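The values are calculated or read from the model by the stated rules, or taken from the named source; none is laboratory data. None of the values given here were measured: they were computed from a predicted structure. Cβ atoms come from the backbone with ideal geometry, glycine included; neighbour counts cover every protein chain shown.
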Amino acid sequence: MFTGIVQKVGRLKNLTRKGKGFELEVLVDENWGDLQIGESIAVNGVCLTLTRFSSDSIIFDVSPETATKSTLSRLPANSLLNLERALRPGDRLGGHIVLGHVDGIGNVAFVKKETDFYRFGFRIPENLLKYVAVKGSISIDGISLTVATKQHSLIEVAVIPHTFSNTNLRQLKPSDKVNVEVDVIARYLESLLNKEEGLYGKLAEWGFGKD
């Protein structure tokens, strides 16, 4: 589990086909120091398992399914990558609960520089819109962001200069693809409501609730 608070920004070094998947190598300016093989790290919002590391790079295997459902296999050379290690017991939950399971691929609609912040527009898959609420949270490339407005398939977020400078947002431009993960709480609520509606339907079928 992650929080959507980016800890480091790496840079894509190599993306090498490995069987039906890929091996992803990310350059980092300095290592975390206490990395462990097998630990989970979110890379642009995708939960990956660390397979190897050196003093200046970290390496992951990307499965065929992950390659298909995320932007990782389509990244151009030298792309900036948002990195976050998994949440540990006792850590602060600074953003919101992010699982690292991408729900869909969106794209950048616009980027606007305002007086003291940046405004981003993202178009997200229509099937995900029901999970998005104004003032609610959404993960874009692993960054926890607050939805400012929502209209059709377009959502807008406001980004402070610190977040802009310390994530891959500073590299994004219109039409760029991004990984989207909706708030997991919305998904659980949908699941609970569907089960409840199914139960009420069965009770009505069996004659309960009738005058």
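If you take the residues in segment 52-72 that are touching a residue at least 24 places away in the same chain (Cβ under 8 Å) and part of a strand (DSSP E or B), which one is surrounded by the most Cβ atoms within 10 Å (Cβ to Cβ)? Talk me through it step by step, then tell me what you get.
Step one: of segment 52-72, the residues touching a residue at least 24 places away in the same chain (Cβ under 8 Å) are 55-64, 66-67, 69-72.
Next, from what is left, pick out any that are part of a strand (DSSP E or B): 57-62.
Details: 57: 16, 58: 25, 59: 18, 60: 22, 61: 16, 62: 22.
If we take residues in segment 52-72 being touching a residue at least 24 places away in the same chain (Cβ under 8 Å) and part of a strand (DSSP E or B), then 58 is surrounded by the most Cβ atoms within 10 Å (Cβ to Cβ).
Anything in segment 150-168 that is under 17 Å from residue 135 (Cβ atoms) and either assigned to a strand (DSSP E or B) or in contact with a Lys or Arg (Cβ under 8 Å, 6 or more places away or on another chain) (or both)? List them, or say none.
Listed by number, the residues that qualify are 150, 151, 154, 155, 156, 157, 158, 159.
Taking segment 29-46, which residues are among the hydrophobic types (A, V, I, L, M, F, W, C) and either surrounded by 20 or more Cβ atoms within 10 Å (Cβ to Cβ) or in the same structural domain as residue 167 (by the TED database) (or both)? Reasoning before the result, please.
Going through segment 29-46, the residues among the hydrophobic types (A, V, I, L, M, F, W, C) turn out to be 32, 35, 37, 41-43, 46.
Within segment 29-46, 41, 42, 43, 46 qualify.
Of everything in segment 153-211 that's within 16 Å of the chain's Cα centre (by Cα) and modelled with pLDDT under 95, which residue is surrounded by the fewest Cβ atoms within 10 Å (Cβ to Cβ)?
185
Considering each residue of segment 77-113, count those that are in contact (Cβ under 8 Å) with a residue 40 or more places away in the chain and closer than 23 Å to residue 171 by Cβ, and give that number.
Total satisfying the criteria: 23.
Kindly indicate whether any position in segment 30-40 is among the charged types (D, E, K, R) and at pLDDT 95 or above.
Within segment 30-40, the first condition is being among the charged types (D, E, K, R), and the residues that meet it are 30, 34, 39.
So of that shortlist, the ones also at pLDDT 95 or above come out as 39.
Scanning segment 30-40, I find at least one residue that is among the charged types (D, E, K, R) and at pLDDT 95 or above, so the answer is yes.
Looking at segment 96-149, which of the residues that are assigned to a loop (DSSP other than H, G, I, E, B) and of a type in the set (A, V, I, L, M) is surrounded by the most Cβ atoms within 10 Å (Cβ to Cβ)?
Our first condition is that a residue be assigned to a loop (DSSP other than H, G, I, E, B); within segment 96-149, this holds for 96-97, 99-103, 114-117, 124-125, 132-136, 141-142.
Checking which are of a type in the set (A, V, I, L, M) leaves us with 97, 99, 102, 124, 132-134.
Values: 97: 17, 99: 15, 102: 22, 124: 24, 132: 18, 133: 13, 134: 12.
Looking at residues that are assigned to a loop (DSSP other than H, G, I, E, B) and of a type in the set (A, V, I, L, M), I get 124.
Do we find a residue being β-branched (Val, Ile, Thr), closer than 20 Å to residue 182 by Cα, at pLDDT 90 or above and assigned by the TED database to the domain that holds residue 167 anywhere in segment 107-116? Spell out how you get there, then give the answer.
First, pick out the residues of segment 107-116 that are β-branched (Val, Ile, Thr): 108, 111, 115.
With closer than 20 Å to residue 182 by Cα added as a condition, the list becomes 108.
Restricting the remaining residues to those that are at pLDDT 90 or above gives 108.
Filter once more, keeping what is assigned by the TED database to the domain that holds residue 167: 108.
Yes, the conditions are met somewhere in segment 107-116.
Does segment 73-95 contain any residue that is outside any loop (DSSP other than H, G, I, E, B), in contact with a Gly (Cβ under 8 Å, 6 or more places away or on another chain) and within 21 Å of residue 187 (Cα to Cα)?
So in segment 73-95, the residues outside any loop (DSSP other than H, G, I, E, B) come out as 73-74, 80-85.
If we keep only those that are in contact with a Gly (Cβ under 8 Å, 6 or more places away or on another chain) as well, we get 80-84.
Subsequent filtering for residues that are within 21 Å of residue 187 (Cα to Cα) retains none.
Looking for residues that are outside any loop (DSSP other than H, G, I, E, B), in contact with a Gly (Cβ under 8 Å, 6 or more places away or on another chain) and within 21 Å of residue 187 (Cα to Cα), one finds none in segment 73-95, hence no.
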